[in-house]
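Below is one structure, written out as structure tokens; comments come after it.
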Amino acid sequence: MHITNTHILVHEFDYLEPTSVEEAVDLLARYGPEARVLAGGTDLIVQMKMERLAPQYLVSIGRVPGLEGISVQDGRTRIGARTSIRSLRNDPWVRACYPVLAEACASFSTTQVQVMGTLGGNLGNASPASDTAPALIVYGAEAVVQGPKGTRRVSVEEFFVGPGRSVLEPGELLTAVELPPPRPGTGGAFLKVSRVAADLAKVNAAVVLVRDGDRVADARLAFGAVAPTPLRARKAEAVLIGQRFSEEVVAEAARIASEEIRPIDDVRSSAWYRREITRVLAYDGLYRAWERAGAPTEPLPPVPGAPSPAVAPPRALRHIRADQEVEVRLTVNGERQRVWVAPNELLLNVLREKLHLTGTKYGCGIGECSACTVHVDGRLALSCLVLAVAVDGSEILTVEGLAGRDGKLHPLQESFIRHAAFQCGYCTPGMLMTAKSLLEEIPHPTEEDVRDYLKGNLCRCTGYAAIVRAVMGCTKQT
Ligand SMILES: Cc1cc2nc3c(=O)[nH]c(=O)nc-3n(C[C@H](O)[C@H](O)[C@H](O)COP(=O)(O)OP(=O)(O)OC[C@H]3O[C@@H](n4cnc5c(N)ncnc54)[C@H](O)[C@@H]3O)c2cc1C
Ligand code: FES
Ligand code: FES
């Protein structure tokens with residue numbers, strides 16, 4: 001029997017770190033189908049650990065400048081491929097102009113996966129259940145692709161060709177997504193049904209309506225997880241366009257949408273349920289979009305400027321062979337460390353086995369439990385999905401670094417003890433690291449904020465009441 005080991009990454013590969021888009025494209029073209037782009041790794045590293053993918057070369061785009069951030073040129077909004085799902089969820093421009101995309105990103109998995117996962121990776125893995133794809137499709141977004149022959153643009157609607165397959169040819173890199181200017185009188189909604197809060201969709205739905213008095217001037221509906229690729233429901237749109245908005249028209253459009261999809265039975269849902277829920281989501285989404293299209297418009301936030309630079313200053317191209325070990329320098333909890341690692345070593349294993357910092361726990365190994373949560377350069381990271389070579393030069397904070405040098409516990413640790421929230425040694429470190437990040441991002445969270453932020457930190461023993469109380473109880477002290 002073949003048993004997948006999700007603790008380590010058994011597969012060996014060369015690790016490449018280009019310093020420009022051109023260099024990345026050269027490498028991808030040179031190694032063709034044997035190479036894969038590595039962005040946040042929340043999909044690729046999981047697939048490799050599950051031994052569903054075995055690329056010979058990983059081309060990390062983590063240090064390529066110009067791939068991150070949101071800018072506006074000639075009215076079109078450009079989102080760099082490496083922009084994180086979390087920053088899209090929180091960005092004022094995206095929330096105001098493309099709220100369906102912001103809602104799609106908010107519905108996305110756990111906080112940790114939102115922080116690590118990128119827009120380019122969400123399209124690059126070509127999952128039929130992608131949350132951003134239906135939202136991008138209803139806005140008429142285009143993918144900007146750079147390859148050996150230059151740059152080409154493909155509508156996101158045509159980007160997907162089958163489960164796990166996109167129009168990207170070997171040698172091509174998705175560099176950005178561009179959205180046309182928002183149309184006046186537009187309202188939209190994103191709705192998702194999944195098994196648990198932080199999961200891929202059973203069905204997701206994106207709806208945009210343009211309202212002209214009591215008539216529908218334009219309509220776009222797209223669904224995920226209901227066909228081999230994200231699907232635009234053109235027949236349902238035709239039922240709505242030009243019609244007076246009414247219960248009959250909405251019900252008919254929703255019925256047509258549920259007939260237009262091509263769902264299957266799988267681990268997440270049945271085809272029958274997917275049809276039923278598509279009808280319900282289309283109906284609810286249309287009403288929500290219509291109300292929003294008629295709501296008074298708020299003043300727009302300032303137009304975002306140039307994309308932000310790369311996360312770390314570029315350096316020379318790195319090529320670490322699969323059989324090579326290299327020295328990686330890290331600052332861990334304020335102390336400089338040097339460790340020798342192979343390309344397939346994970347940060348989790350380096351922390352636990354090489355630096356003996358066993359506070360960071362191994363739970364699932366595939367991004368689902370958040371027991372391995374640490375901070376990398378101030379951002380949440382699931383250390384079970386991070387290659388140690390990719391964080392060379394970074395600052396890492398683990399639970400051992402929360403207390404002061406004098407041994408005084410962090411206010412969150414004090415609060416966890418005070419509220420009896422220290423429920424088990426396995427989950428608490430990850431919860432503390434997530435809670436610290438929460439209070440940095442939202443200094444005065446509501447209970448709902450706390451529950452939402454911590455939804456990826458799984459507890460199977462007691463529940464979350466004491467944990468939520470402990471985080472809330474700490475807000476005045478941090
Ligand atoms: C626990 C868990 C929950 C998840 N929940 C959701 C969810 O709710 N909704 C959802 O939509 N997804 C979900 N995902 C899937 C995944 O997190 C997203 O698809 C994420 O956006 C991937 O981004 P990444 O940067 O981590 O991609 P990576 O893992 O780095 O890459 C994914 C794929 O895209 C390719 N790729 C990456 N960037 C580029 C690029 N610029 N050009 C060309 N190819 C590229 C890679 O080669 C790889 O094949 C979940 C994953 C996990 C582990
Ligand atoms: S061990 Fe990393 S998310 Fe579960
Ligand atoms: S806190 Fe660890 S299982 Fe509940």
- prompt: Out of 161, 144, 154, which single residue is without any contact (Cβ under 8 Å) to a residue 24 or more places away in the chain and outside any helix (DSSP H, G or I)?
  reply: 154
statement: When every residue in the stretch 436-478 that is touching a residue at least 60 places away in the same chain (Cβ under 8 Å), part of a loop (DSSP other than H, G, I, E, B) and more than 16 Å from ligand 1 (Cβ to nearest atom) is compared, the one farthest from residue 365 (Cα to Cα) is 477
message: Filter the stretch 103-131 down to the residues that are within 8 Å of ligand 1 (Cβ to nearest atom), of a type in the set (Val, Ile, Thr) and either more than 16 Å from residue 78 (Cα to Cα) or more than 9 Å from the chain's Cα centre (by Cα) (or both) and list them by number.
response: 110, 113
task: Within the stretch 361-372, work out how many residues are away from ligand 3 (no atom under 13 Å from the Cβ) and crowded, with 24+ Cβ neighbours inside 10 Å.
output: 3
task: Those residues that are over 21 Å from residue 319 (Cα atoms), more than 16 Å from ligand 2 (Cβ to nearest atom) and buried (at least 21 other Cβ atoms within 10 Å of the Cβ), I need them from the stretch 43-69; list them, please.
output: 68
query: Are any residues in the stretch 404-452 farther than 27 Å from residue 109 by Cβ, in contact with a helix residue (DSSP H, G or I) (Cβ under 6 Å, 6 or more places away or on another chain) and either hydrophobic (A, V, I, L, M, F, W, C) or within 16 Å of ligand 2 (Cβ to nearest atom) (or both), and if so, which ones?
result: 420
query: Regarding residue 227, is this residue assigned to a strand (DSSP E or B) and in the same structural domain as residue 116 (by TED's automatic domain parsing)?
result: no
query: Mind checking which residues of the stretch 181-197 are under 30 Å from residue 304 (Cα atoms) and either surrounded by 15 or more Cβ atoms within 10 Å (Cβ to Cβ) or in contact with a Leu (Cβ under 8 Å, 6 or more places away or on another chain) (or both)?
result: 182, 185, 186, 187, 188, 189, 190, 191, 192
- request: Those residues that are of a type in the set (A, V, I, L, M) and at pLDDT below 95, I need them from the stretch 404-419; list them, please.
  value: none
message: Please verify whether residue 427 is in the same structural domain as residue 331 (by TED's automatic domain parsing) and either out of contact with any Gly (no Cβ under 7 Å at 6 or more places or on another chain) or surrounded by 15 or more Cβ atoms within 10 Å (Cβ to Cβ) (or both), treating the condition exactly as stated.
response: no
message: Taking the criterion of being in contact with a strand residue (DSSP E or B) (Cβ under 6 Å, 6 or more places away or on another chain), modelled with pLDDT under 95 and either of a type outside the set (A, V, I, L, M) or part of a strand (DSSP E or B) (or both), would at least one residue in the stretch 175-183 satisfy it?
response: yes
query: What residue, among those in the stretch 199-216 that are buried (at least 22 other Cβ atoms within 10 Å of the Cβ) and small (Gly, Ala, Ser), is farthest from residue 70 (Cα to Cα)?
result: 201
task: For residues that are of a type outside the set (S, T, N, Q) and more than 11 Å from ligand 1 (Cβ to nearest atom), scanning just the stretch 70-86, find the one that is surrounded by the fewest Cβ atoms within 10 Å (Cβ to Cβ).
output: 74
message: Against the definition (farther than 13 Å from residue 412 by Cβ and either away from ligand 3 (no atom under 12 Å from the Cβ) or of a type in the set (A, V, I, L, M) (or both)), how does residue 451 come out, yes or no?
response: yes
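The values are calculated or read from the model by the stated rules, or taken from the named source; none is laboratory data. On a predicted model such as this, the values are computed, not experimentally measured, just so you know. Please note: Cβ atoms are built from the backbone with ideal geometry, for glycine as well, and neighbour counts cover all protein chains shown.
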